[in-house]
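What follows is a set of notes on a single structure, which appears directly below.
The values are calculated or read from the model by the stated rules, or taken from the named source; none is laboratory data. Keep in mind it's a predicted model, so treat the numbers as computed, not measured. All Cβ positions, even for glycine, are placed from backbone atoms using ideal geometry, and neighbour counts span all protein chains on display.
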Amino acid sequence: MNRERFFFVTGLCLVFILCACQKKSQDRLPLSEPAESVILSFDVYNHTKGFMTKFEKPVENGDRVTINISELGVEGVDRNRIVIREDRFGAFVASSQTGSVNFKIPFAKKNYTIYLMNASHGADYRKVDTWINTNEGVLEYAPPLLWYREDRNDYQGPDDVVQDAIDQLNEALDYSWAKYGSFRRIDQRRNGSFGVGYGYCRNQFGWHSPYWAGVNPDHCQAYKTKLETLLEEIFELITRLNDIGGKDTAGLITDSGTGELNGVGKDLLAYVFVKDEKI
């Protein structure tokens, strides 16, 4: 064999050996990193009654997880509606009206709260959810909701009933485990705010737009009538809803004897806040 042919054959052999070694090395490598298992921890709350139980679920990082209300072992809640938020009342994660919620878990261990809707007052949450696809049944403004006193059309009335309505709405959102939202009074209108007071109201008991809610004192002379009408109009303004009680919203969310916000009204109001993605 001449010298040139010797070096050529030797070179080919070296290339063959190197390729074979590289392939063998690659064959020994794992195809992918094994998924890391984590345990998601959930505190389960009745949204207006409080803590119910703890729930844990083992999952793979980056995977999706499904939680069914039926597996939580709780009673006294709506069997279809579930909301998941980070920590106690942190970032919105997911919600469902079917009794089962599915969401993608993060690449880190996190704590969550499951909110289930109170059933003890007989609230029909479909009164809110029916409107979702038309961009109603959601918050008009993100909390805190800024409001100011404003009378229109040369009408006037007492300030105490206005403040009473606001105080009742605030109370319906403030719990020891979480504050879902609040109404904060300001001196004058600015972005993200609305007025509350007395006006002509299109010659009706009450009226609202996205920027004002009020009552007509000619039609609403008794304190009770003023209060229930204000509660109705403010509720409708901030939730983008209208007449969810049939003839009017007041008949559903207020007490017929006192005009005050009732249990159904508190449950429905808190529900809108708990599930809203703007919070």
* All but one of (1) free of Cβ contacts under 8 Å to residues at least 12 places away in the same chain; (2) crowded, with 20+ Cβ neighbours inside 10 Å hold for Arg202; which doesn't? -> (2)
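Name the residue, out of Leu145, Leu173, Leu169, that is within 14 Å of the chain's Cα centre (by Cα), buried (at least 17 other Cβ atoms within 10 Å of the Cβ) and either of a type in the set (Asp, Glu) or within 27 Å of Leu261 (Cβ to Cβ) (or both). Let's see the steps before the verdict.
Details: Leu145 fails: within 14 Å of the chain's Cα centre (by Cα); Leu169 fails: within 14 Å of the chain's Cα centre (by Cα).
Unique residue meeting the criteria: Leu173.
For the stretch 202-243, which positions are more than 24 Å from Gly181 (Cβ to Cβ) and acidic (Asp, Glu)?
Asp218
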* Asked: Pick from the stretch 208-237 the residues that are out of contact with any helix residue (DSSP H, G or I) (no Cβ under 8 Å at 6 or more places or on another chain) and aliphatic (A, V, I, L, M): which of them is farthest from Lys278 (Cα to Cα)?
  -> Ala222
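Mind checking which residues of the stretch 64-112 are assigned to a loop (DSSP other than H, G, I, E, B), within 18 Å of His47 (Cβ to Cβ) and of a type outside the set (Lys, Arg)?
Looking only at the stretch 64-112, we keep the residues that are assigned to a loop (DSSP other than H, G, I, E, B), and these are 72-76, 87-91, 97-99, 105-110.
With the extra rule that they be within 18 Å of His47 (Cβ to Cβ), the set shrinks to 72-76, 87-91, 97-99.
Result: Leu72, Gly73, Val74, Glu75, Gly76, Asp87, Phe89, Gly90, Ala91, Gln97, Thr98, Gly99.
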* Residue match in the stretch 187-196 (condition: within 23 Å of Thr229 (Cβ to Cβ), surrounded by fewer than 17 Cβ atoms within 10 Å (Cβ to Cβ) and touching a helix residue (DSSP H, G or I) at 6+ places or on another chain (Cβ under 9 Å)) -> no
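Can you say whether Arg79 is charged (D, E, K, R), modelled with pLDDT of 95 or more and more than 18 Å from the chain's Cα centre (by Cα), as far as the supplied structure shows? Reasoning before the result, please.
On the way: charged (D, E, K, R): yes; modelled with pLDDT of 95 or more: yes; more than 18 Å from the chain's Cα centre (by Cα): no.
When the stated conditions are applied, Arg79 does not pass them.
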* Asked: Quick check: anything in the stretch 148-160 modelled with pLDDT of 95 or more, under 19 Å from the mean Cα position of the chain (by Cα) and not assigned by TED's automatic domain parsing to the domain that holds Gly73?
  -> no
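Would you pick out the residues in the stretch 80-126 that are among the aliphatic types (A, V, I, L, M) and in contact with a helix residue (DSSP H, G or I) (Cβ under 9 Å, 6 or more places away or on another chain)? Spell out the reasoning first.
Here is the first cut: in the stretch 80-126, the residues among the aliphatic types (A, V, I, L, M) are 82-84, 91, 93-94, 101, 105, 108, 114, 116-117, 119, 123.
Within the stretch 80-126, Ile82, Val83, Val101, Ile114, Leu116, Met117, Ala119, Ala123 qualify.
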* Structure fact -> How many residues of the stretch 220-279 are over 22 Å from Arg184 (Cβ atoms), among the acidic types (Asp, Glu) and crowded, with 18+ Cβ neighbours inside 10 Å? The answer is 3
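Looking at Asn102, is it under 23 Å from Thr53 (Cα atoms), touching a residue at least 24 places away in the same chain (Cβ under 8 Å) and surrounded by fewer than 17 Cβ atoms within 10 Å (Cβ to Cβ)? Give the derivation first.
Working: under 23 Å from Thr53 (Cα atoms): yes; touching a residue at least 24 places away in the same chain (Cβ under 8 Å): yes; surrounded by fewer than 17 Cβ atoms within 10 Å (Cβ to Cβ): yes.
So Asn102 fits the description; yes.
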* Restricting attention to the stretch 113-154, report how many residues are within 17 Å of Phe194 (Cβ to Cβ), among the hydroxyl-bearing types (Ser, Thr, Tyr) and assigned to a loop (DSSP other than H, G, I, E, B). => 1
* Asked: Hey, any hits in the stretch 162-176 for a residue that's touching a strand residue (DSSP E or B) at 6+ places or on another chain (Cβ under 7 Å), of a type in the set (S, T, N, Q) and over 19 Å from Thr229 (Cβ atoms)?
  -> no
* **Scope the stretch 75-90; condition within 15 Å of Thr113 (Cα to Cα), without any contact (Cβ under 8 Å) to a residue 60 or more places away in the chain and either surrounded by fewer than 16 Cβ atoms within 10 Å (Cβ to Cβ) or acidic (Asp, Glu) (or both); matching residues** => Glu86, Asp87, Gly90
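For the stretch 208-230, give me each residue that is in a helix (DSSP H, G or I) and either more than 11 Å from Val196 (Cβ to Cβ) or of a type in the set (Lys, Arg) (or both). Break it down into steps so the answer makes sense when it comes.
Of the residues in the stretch 208-230, the ones in a helix (DSSP H, G or I) are 223-230.
Tyr223, Lys224, Thr225, Lys226, Leu227, Glu228, Thr229 - these are the residues of the stretch 208-230 that are in a helix (DSSP H, G or I) and either more than 11 Å from Val196 (Cβ to Cβ) or of a type in the set (Lys, Arg) (or both).
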